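The values are calculated or read from the model by the stated rules, or taken from the named source; none is laboratory data. The structure presented is a predicted model; accordingly, all values stated were derived computationally and were not measured. We place every Cβ from the backbone using ideal geometry, glycine too, and count neighbours over all the protein chains shown.
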Amino acid sequence: MNTDERTTPICLTIAGLDPSGGAGTIADVKTFFAFGCYPAAAIASITYQNTQGVYGATHQSAEELRSQVEPILNDLEVSAVKTGMLPTAEIIEETARLISENDLHNVVIDPVVRSTSGFDLIDGAALKRLIEMLFPLADIVTPNAQEAERISGVALLSEPDIVAAANIMFGMGAKAVLIKGGHLRHGSSAVDHLLLGGEHHRIDAPYYDTTSTHGTGCTLAAAIAANLAKGKTMLDAVRISKDFVNEAIRTAPKIGKGNSPINIQPIERSG
Ligand code: PLP
């Protein structure tokens, strides 16, 4: 199939590079491609990691980020943008400026805080800027339960807590909030909670007891961006993306000595 920007939506990720291919930019690019979108990627930080841990990172300056993004936006018609690891306040402020100045639509903000292995991917001051500057631009924010607790200050022990946390995030300007509850288990289900247009949707999926989950959050947010770029409604985009990630976890390969990445594979072209 030929790539043509009239028929192949272009998705941009602004995120951190995991050179070992499991999370961050490479997961985003694989996911955009899996949904038939054309990927563009700007790197906010080069991390040093593998499936066993994150060992460090070199962050880009605001100027270096702009130098990557401007040529893309001057040339390509970007239909959706997804942000992942934005490590510093200056990178966050520049990302917000780039989104506003270029009037980008279908903005998916994954408020990445910490890797599963415990490495802080953003500093505390930067998270505050992310909330102030990027939540108001977000069509959806996709925190996991720990991120939602840190952002909202609400301990998530029950469903009413989840709704309360989401309401706080609406107050911060997000248009929709997806709280990923992979570890807030309900028996054999992993339930995500989507709050959208005043309604609470429970998105159920089977819970897989596996450590092969590296890159799950990045993949989910990128899949939502790809589906919004393809014209799906927010509810459909989230449901399709959750199913996609679920299948990728179920069929995850065993790559590396640590937490294996999930299995990101192209969906049927008819999908
Ligand atoms: N590295 C980068 C660059 C990321 O963006 C993320 C998560 O968003 C991670 C690592 C953490 O991935 P995980 O917690 O799935 O291992």
Task: Cβ pairs under 9 Å, 6+ apart, first in region 23-34 and within 22 Å of Val113 (Cβ to Cβ), second part of a loop (DSSP other than H, G, I, E, B) and charged (D, E, K, R) - done: Gly24/Asp18; Thr25/Asp18; Ile26/Asp18; Ala27/Asp18
TODO: Kindly indicate which of Ile255, Ile267 is away from the ligand (no atom under 16 Å from the Cβ) and either over 16 Å from Ala176 (Cα atoms) or touching a Lys or Arg at 6+ places or on another chain (Cβ under 6 Å) (or both).
DONE: Ile267
Open item on the list: Just the residues that are within 23 Å of Ile224 (Cα to Cα) and within 16 Å of the ligand (Cβ to nearest atom), please, taken from region 69-88.
Closed with: Val81, Lys82, Thr83, Gly84, Met85, Leu86, Pro87
TODO: Report, by residue number, each residue of region 83-95 that is closer than 30 Å to Ile262 by Cα and buried (at least 21 other Cβ atoms within 10 Å of the Cβ).
DONE: Thr83, Gly84, Met85, Leu86, Pro87, Ile91, Ile92, Thr95
Task: Test result for Ala44, within 16 Å of the ligand (Cβ to nearest atom), among the hydrophobic types (A, V, I, L, M, F, W, C) and under 30 Å from Thr211 (Cβ atoms) - done: yes
Open item on the list: Can you name every one of the strands (runs of 3 or more DSSP E) wholly within region 157-265 that holds 1 or more residues which are at pLDDT below 95?
Closed with: 189-196, 199-206
TODO: Hey, can you tell me all the residues within region 202-219 that are within 25 Å of Thr83 (Cα to Cα), within 13 Å of the ligand (Cβ to nearest atom) and without any contact (Cβ under 8 Å) to a residue 60 or more places away in the chain?
DONE: Thr211, Ser212, Thr216
Open item on the list: Against the definition (out of contact with any Pro (no Cβ under 8 Å at 6 or more places or on another chain) and crowded, with 20+ Cβ neighbours inside 10 Å), how does Ser158 come out, yes or no?
Closed with: no
TODO: Restrict the check to region 92-113 and report whether at least one residue is within 14 Å of the ligand (Cβ to nearest atom), under 20 Å from Thr8 (Cα atoms), in contact (Cβ under 8 Å) with a residue 24 or more places away in the chain and of a type outside the set (Gly, Ala, Ser).
DONE: yes
- [ ] Only residues that are buried (at least 20 other Cβ atoms within 10 Å of the Cβ) and either more than 17 Å from Ser189 (Cβ to Cβ) or of a type outside the set (D, E, K, R) (or both): list them for region 235-245, please.
- [x] Ala237, Val238, Ser241, Phe244, Val245
TODO: May I ask you to list pairs of residues, at least six apart or on different chains, whose Cβ atoms are under 8 Å apart, with the first in region 118-140 being under 22 Å from Lys232 (Cα atoms) and acidic (Asp, Glu) and the second being at pLDDT 95 or above and part of a helix (DSSP H, G or I)?
DONE: Asp139/Leu228; Asp139/Met234
Task: Residue list for region 103-122, restricted to those being within 15 Å of the chain's Cα centre (by Cα) and either under 22 Å from Met169 (Cα atoms) or modelled with pLDDT of 95 or more (or both) - done: Asn106, Val107, Val108, Ile109, Asp110, Pro111, Val112, Val113, Arg114, Ser115, Leu121, Ile122
Open item on the list: Being farther than 24 Å from Ile92 by Cα and either among the small types (Gly, Ala, Ser) or touching a residue at least 40 places away in the same chain (Cβ under 8 Å) (or both) is the filter here; which residues of region 141-158 pass it?
Closed with: Ala155, Ser158
